[in-house]
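**Student:** If you scroll down you'll find the structure; I have some questions about it.
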Amino acid sequence: MPGTLASSSALAAPAKQEILLVSYAVTKAAYDEIIPKFIADWKKKTGQTVVVKTSYGGSGSQARAVIDGLEADVVGLALEGDVIKLEEAGFIKSGWQNKLP
């Protein structure tokens, strides 16, 4: 109906959320253990189901994929030079090295 406010349930967070984790290949075994724990904890805290999709490969290849348009929500790279490439492409702010020395 025109002029009708949306119900609060329509404004609530979606019941299912999807994120893409892009990381270098060596981290796969660790994330295979971490991701199910994260999913369970997220569900417990928010009631929301989160689906974590993953992409693993060489650090440089993953950096290039993100620069070329892979829409990652979380990126973990092995080499500082690859992270600098993301910085130069405008994905992260300068000074990131000082955040968590």
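**Student:** Restricting to the stretch 87-101, and then to whatever is in a helix (DSSP H, G or I) and in contact (Cβ under 8 Å) with a residue 12 or more places away in the chain, can you tell me which residue is farthest from the chain's Cα centre (by Cα)? Explain how you work it out, then say what you get.
**Tutor:** Just the residues of the stretch 87-101 that are in a helix (DSSP H, G or I), to begin with: 87-88, 96-98.
Retained after the next criterion (residues that are in contact (Cβ under 8 Å) with a residue 12 or more places away in the chain): 96-97.
Numbers: Trp96: 17, Gln97: 19 Å.
So, considering only residues that are in a helix (DSSP H, G or I) and in contact (Cβ under 8 Å) with a residue 12 or more places away in the chain, the one farthest from the chain's Cα centre (by Cα) is Gln97.
**Student:** Pairs needed: first member in the stretch 40-59, free of Cβ contacts under 8 Å to residues at least 12 places away in the same chain and outside any loop (DSSP other than H, G, I, E, B); second member anywhere, surrounded by 15 or more Cβ atoms within 10 Å (Cβ to Cβ) and among the acidic types (Asp, Glu); C-beta distance under 7 Å; at least 6 residues apart or different chains.
**Tutor:** none
**Student:** Do we have any residue at all in the stretch 46-56 that's modelled with pLDDT under 95 and either surrounded by fewer than 11 Cβ atoms within 10 Å (Cβ to Cβ) or on the phi > 0 side of the Ramachandran plot (or both)?
**Tutor:** Yes, some residue in the stretch 46-56 is modelled with pLDDT under 95 and either surrounded by fewer than 11 Cβ atoms within 10 Å (Cβ to Cβ) or on the phi > 0 side of the Ramachandran plot (or both).
**Student:** Also, I was wondering about something else. Of all the residues that make up the stretch 13-39, how many are part of a helix (DSSP H, G or I) and either in contact (Cβ under 8 Å) with a residue 12 or more places away in the chain or surrounded by 11 or more Cβ atoms within 10 Å (Cβ to Cβ) (or both)? Don't jump to the end; show me each part of the working.
**Tutor:** Taking the stretch 13-39 as the starting set, the residues that turn out to be part of a helix (DSSP H, G or I) are 25-39.
From what is left, the residues that are either in contact (Cβ under 8 Å) with a residue 12 or more places away in the chain or surrounded by 11 or more Cβ atoms within 10 Å (Cβ to Cβ) (or both) are 25-28, 30-31, 34-36, 38-39.
Residues that pass the stated criteria total 11.
**Student:** Inside the stretch 62-86, can you point out the residues that are outside any loop (DSSP other than H, G, I, E, B) and either aliphatic (A, V, I, L, M) or loosely packed, with under 15 Cβ neighbours inside 10 Å (or both)?
**Tutor:** Those that are outside any loop (DSSP other than H, G, I, E, B) and either aliphatic (A, V, I, L, M) or loosely packed, with under 15 Cβ neighbours inside 10 Å (or both): Ala63, Ala65, Val66, Ile67, Val74, Val75, Glu80, Gly81, Val83, Ile84, Leu86.
The values are calculated or read from the model by the stated rules, or taken from the named source; none is laboratory data. The model shown is predicted, which means the values in this text are computed figures rather than measured ones. Methodologically, a virtual Cβ is constructed for each residue, glycine included, from the backbone with ideal geometry; neighbour enumeration extends over all protein chains shown.
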